[in-house]
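Everything below concerns the one structure shown next.
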Amino acid sequence: MINKILLKIENISDTRLEDIFENGQCFRWKALENDGKRNVSYIGVYNERVYIIKEVEDSGLKDKQDEEKITLDVCIYLKKSEEKNEKLEKEILYEYLDLNRDYSKIKKDILEKTKDTVGALEVKEAISYGKGIRILKQDILETTISFIISANNNIPRIKKSVEYISKNYGERIEIDEEIFGIDLKDFKENMYTFPKIDKLVKLTEEDFKNAGTGFRAKRLVDTIRKIKDGFLENTENLSDEQLYEKLIQLDGVGPKVANCIMLFGYNRLDSFPIDVWVKRVMHEVFFKGEEEKDVTNDRIMNIVKDIKNRGIMQQYLFYWRRERG
């Protein structure tokens, strides 16, 4: 018997599934339906659960201020051994999607802090474009492995590697053939959890190379061994500075990857990962007329140092710039 829980999350603002799952922060989500404007339903795996999440129009909303609010239909598939607890599952989902945070206030704060800068117009445009972004609170182990794989890589290849690791070494979760009117037959045999550390530590460089990780394979083996030995224990309690210094001691983790792990795994919202896209958009928005080679990471950080939750600002700009091509 399939083990599942159905939830309905109503009247959510500042949230669009496409903005959340297509902005480069996660690698286990796939679009299911498109309403002609954007993707409105997704299937994904998190915390040993398979989620189907679908945006639903609420015809009962009357006020103009409610027009941007959405309702989510959610189906959560659990392992057969997992007990059903609707209250717990709702709490897990709210934490994962960061639904308890007021993103409207964060947007206003970012706009206020940048209103007198040369990039004010573009920041406003980027926030409008990615207005439904929320920063996921992801599993730290999976986030660490995924972003080590991400170094000098592209999103389709990263997804393929993470999927291979999950399918070959994770645990399969049984799902329906259809839910919310969505055909799931193509996914039914292919939904696997990300493997636990006890499984990962047994994998060899060759195993990771078979997953398409290339030169990153040795780094993954070394980092997984460190994590298994307790390297990341109690890191949730560290300050941002302490956590950063800890993470860059891991093989395959440099400044950009460390900040990605902090932002997307630890929910440290002042982390500001800088990759080629972020450098490009910061150059175009805040350093107009200068050579891109003259825009250093230190100069970029000097622009955003006084902006609270600057990691969210980074995601607005990154997503907006990357989607423009």
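From the list Ile76, Ile20, pick out the single residue that is outside any strand (DSSP E or B), at pLDDT 95 or above and among the hydrophobic types (A, V, I, L, M, F, W, C). Walk me through it before giving the result.
Working: Ile76 fails: outside any strand (DSSP E or B).
Going through Ile76, Ile20 in turn, just one is outside any strand (DSSP E or B), at pLDDT 95 or above and among the hydrophobic types (A, V, I, L, M, F, W, C): Ile20.
Pull up the stretch 90-111, narrow it to residues that are of a type in the set (D, E, K, R) and within 27 Å of Glu122 (Cα to Cα), then point me to the one that is surrounded by the most Cβ atoms within 10 Å (Cβ to Cβ). Spell out the reasoning first.
Just the residues of the stretch 90-111 that are of a type in the set (D, E, K, R), to begin with: 90-91, 95, 98, 101-102, 105, 107-109.
Next cut, within 27 Å of Glu122 (Cα to Cα) only: 98, 101-102, 105, 107-109.
Working: Asp98: 18, Arg101: 17, Asp102: 10, Lys105: 11, Lys107: 21, Lys108: 12, Asp109: 15.
Only one residue tops the list, namely Lys107.
Quick one: is Ile303 β-branched (Val, Ile, Thr) and either more than 29 Å from Thr204 (Cβ to Cβ) or under 18 Å from the mean Cα position of the chain (by Cα) (or both)? Quick ask: steps written out before the conclusion?
On the way: β-branched (Val, Ile, Thr): yes; either more than 29 Å from Thr204 (Cβ to Cβ) or under 18 Å from the mean Cα position of the chain (by Cα) (or both): yes.
Against the criterion (β-branched (Val, Ile, Thr) and either more than 29 Å from Thr204 (Cβ to Cβ) or under 18 Å from the mean Cα position of the chain (by Cα) (or both)), Ile303 qualifies.
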Could you tell me whether Val118 is closer than 20 Å to Trp320 by Cβ, touching a residue at least 60 places away in the same chain (Cβ under 8 Å) and not basic (Lys, Arg)? yes
Report, by residue number, each residue of the stretch 288-325 that is acidic (Asp, Glu) and either in contact with a Lys or Arg (Cβ under 9 Å, 6 or more places away or on another chain) or touching a residue at least 12 places away in the same chain (Cβ under 8 Å) (or both). Glu292, Asp306, Glu323
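Kindly establish whether Glu122 is part of a loop (DSSP other than H, G, I, E, B) and acidic (Asp, Glu).
On the way: part of a loop (DSSP other than H, G, I, E, B): no; acidic (Asp, Glu): yes.
When the stated conditions are applied, Glu122 does not pass them.
When you check Ile227 against the structure, is it surrounded by 21 or more Cβ atoms within 10 Å (Cβ to Cβ), touching a residue at least 60 places away in the same chain (Cβ under 8 Å) and not in a strand (DSSP E or B), yes or no? Break it down into steps so the answer makes sense when it comes.
Working: surrounded by 21 or more Cβ atoms within 10 Å (Cβ to Cβ): no; touching a residue at least 60 places away in the same chain (Cβ under 8 Å): yes; not in a strand (DSSP E or B): yes.
It is false that Ile227 is surrounded by 21 or more Cβ atoms within 10 Å (Cβ to Cβ), touching a residue at least 60 places away in the same chain (Cβ under 8 Å) and not in a strand (DSSP E or B).
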Grab the helices (runs of 4 or more DSSP H) fully contained in the stretch 239-292, keeping just those with 3 or more residues being crowded, with 19+ Cβ neighbours inside 10 Å and over 18 Å from the mean Cα position of the chain (by Cα). 276-286
State yes or no: is Arg157 part of a loop (DSSP other than H, G, I, E, B) and basic (Lys, Arg)? no
Conditions: (1) in contact with a Gly (Cβ under 9 Å, 6 or more places away or on another chain); (2) among the polar types (S, T, N, Q); (3) farther than 29 Å from Asn309 by Cα. Asn85 meets all but one. Number of the miss? (1)
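Does the stretch 99-107 include one or more residues that are assigned to a loop (DSSP other than H, G, I, E, B) and of a type in the set (D, E, K, R)? Talk me through it step by step, then tell me what you get.
First pass over the stretch 99-107, keeping only residues assigned to a loop (DSSP other than H, G, I, E, B): 99-102.
Those still in the list that are of a type in the set (D, E, K, R) too: 101-102.
Checked the stretch 99-107: at least one residue is assigned to a loop (DSSP other than H, G, I, E, B) and of a type in the set (D, E, K, R).
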List the pairs whose first member sits in the stretch 1-15 and is closer than 18 Å to Val45 by Cα, whose second member is among the aliphatic types (A, V, I, L, M), and whose Cβ atoms are under 6 Å apart, counting only residues at least 6 apart or on separate chains? Asn3/Leu78; Ile5/Ile76; Leu7/Val74
Give the number of residues within the stretch 200-224 that are more than 16 Å from Thr143 (Cβ to Cβ) and part of a loop (DSSP other than H, G, I, E, B). 8
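The values are calculated or read from the model by the stated rules, or taken from the named source; none is laboratory data. These numbers come from a predicted model, not from an experiment. Reconstructed Cβ throughout: ideal geometry from the backbone, glycine too, with neighbour counts over all protein chains shown.
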